[in-house]
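Working notes for the structure below.
Please treat every number below as a calculation from the coordinates, not as lab data. What you see is a predicted model; the values in this text were computed from it and never measured. Glycine also receives a Cβ, built like all others from the backbone with ideal geometry; neighbour counts cover every protein chain displayed.
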Amino acid sequence: MKLQSIQILRGIAALLVVVYHIRAMEMLAIGNNGLSELPLLNSFVTNGYAGVDLFFVISGFIMVYVTDGLRSGVKSSLEFLFARVTRIYPLWWVFASLMTLMFVAYNATSFGAGWDRVSQGQPMIPYLIKSFMLVPQNAHPVLGVGWTLIHEMYFYAAFTLMILVPRRFWLWILLAWGSVIAGGSFFGLTRTFASDLSALVFYPMTMEFIMGAVVGLAVSSGIAWRSGILTLVATLWLVAALTFQGADDANLMMWGRVVWFGLPCTLLVYGFTTLELSNRQAWLVPAFSGAIAACLISLLYNVFADSTATDRFGAAIMSAVVGAIAMMIVLWTGWLGGQAMPDRVNAVAPRMQGIYRSLARLGDWSFSLYLCHPLLFAPVRLVFAPLGEVDALAPVFQVGHPGPFDNIAFYAVSLVSAILVAALAYRFIERPMIIGFGQLRERLFHARPAAVAAE
């Protein structure tokens, strides 16, 4: 069963990453225009890369949850591996190929910085082969966001081996796996970038897959404790962490992000899923209300990665406090409304379900959105550049022009184009692949199509 709550979280994770990259492209456009205006969105957006941490926790959870009831053994293990390989690689190859063609075009027209910058000086053919196969190397893959898929495929490979073992031993295997990663860090085997197999094995962010997998075991076992309260706490914790964290130094890129982002993301996944399975999604209303209020306060403080720790801490605390107040107001209003006007309160439920379905639909598109958005933002910037040179159009298209209209237009065009292309890619590329490979899997393994093939 596909969980709506997980799709909602996927949509949120994708939006965090997309807006983070729009901001990065906005800063590049401002610099290329010779201007010095500050970015439109700062504060928690500066750490939007934490959407990856949420993706990793979700992946760990889903792999355990959808394999509940699966018999251990070689056949189940190979079937799982086939499902994951056909889910990731084909769509990755489509967008990695498009990015390769874009780099060729940019270099041919002198818009690009050259292959050496992309490949970090590695020979091009080996670099591209490793990029397409998602193998660790000294540079990010040709489509930069693919570095996360290297970690995904490593986790899937390890999970394939876990399926050989009866499920009752999985918790102990996960704990041992986490201990190996911690031990590797103790002995100095941890690095900030997974450039080879050793660095990949001991990379701390694998702990986020493990934490998600532990949550999957708990949820599959029917453990649900204080789901609503934990969801509210995790929401405020994540917004506060996004607001407080400063420059992405080596410590943050290793264990720091596991603690600051991975832990609240783990609580979010636990809270969202157990609320849905117990039919208590009404708790998501105060959670979303508090998140929106906290994010707005965070943006108003306008802190940066290089702001003082005192300024960032103050912004984080105030965001959490205002978010908590918003949550309490919604809870109190809902309780009073339920007592005095139950029919009106119940009438709100269908509207909320419509919002949930919209966010879940974005979650359905999240893989396509994650892969396609880096290909779109550079062309958007290149379109804005000549239009911004026209005096009459400069207030809207010259990124960095005095006033907010140019920044708002850049964000709007970038975000809408990314979501639109993701929707089309899902409808005409990704979904047909899911269906086609699902049917092939059914023939090869004589298996009933399972959720693991589509997740």
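Dipole of the chain computed with +1 at Lys/Arg Cβ and -1 at Asp/Glu Cβ about the Cα centre; of S358, S278, V214, farthest Cα towards the positive end is S278.
Long hydrophobic helices in the chain: the complete DSSP H runs spanning 30 Å or more by Cα along their own axis with mean Kyte-Doolittle hydropathy of at least -1.0 are 4-32, 74-108, 309-340, 342-364, 366-388. I need to check one value: relative contact order of the chain, counting alpha carbon pairs closer than 8 Å and at least 6 residues apart, in percent. Relative contact order here is 27 percent. Peptides 52-63, 272-283 ranked from most to least packed, by the mean per-residue count of other Cβ atoms within 10 Å: 52-63, 272-283. Look at the dipole of the chain built from charges on Cβ: of F410, S119, G334, the Cα furthest out on the positive end belongs to G334.
Evaluated with a Cβ-only charge set (Lys, Arg +1; Asp, Glu -1), segment 142-284 carries a dipole of roughly 420 debye about its Cα centre, given to the nearest 20.
Charges only on Cβ, +1 for Lys and Arg, -1 for Asp and Glu: so what's the dipole of segment 1-116 about the Cα centre, in debye to the nearest 20?
Roughly 520 debye for segment 1-116.
The charge dipole of the chain, taken about its Cα centre with unit charges on the Cβ atoms of Lys, Arg (+1), Asp and Glu (-1) only, comes to about 1500 debye. Calculated mean residue ellipticity, 222 nm, the chain: -23500 deg cm²/dmol, from DSSP H runs (n ≥ 4) at -39500 (n - 2.57) each, averaged per residue and rounded to 500. Once you reduce segment 358-385 and segment 268-336 to the center of their Cα atoms, the two points are 26 Å from each other. Farthest toward the positive end of the dipole of the chain, out of V142, T86, G290, is the Cα of T86, where the dipole comes from beta carbon charges about the Cα centre.
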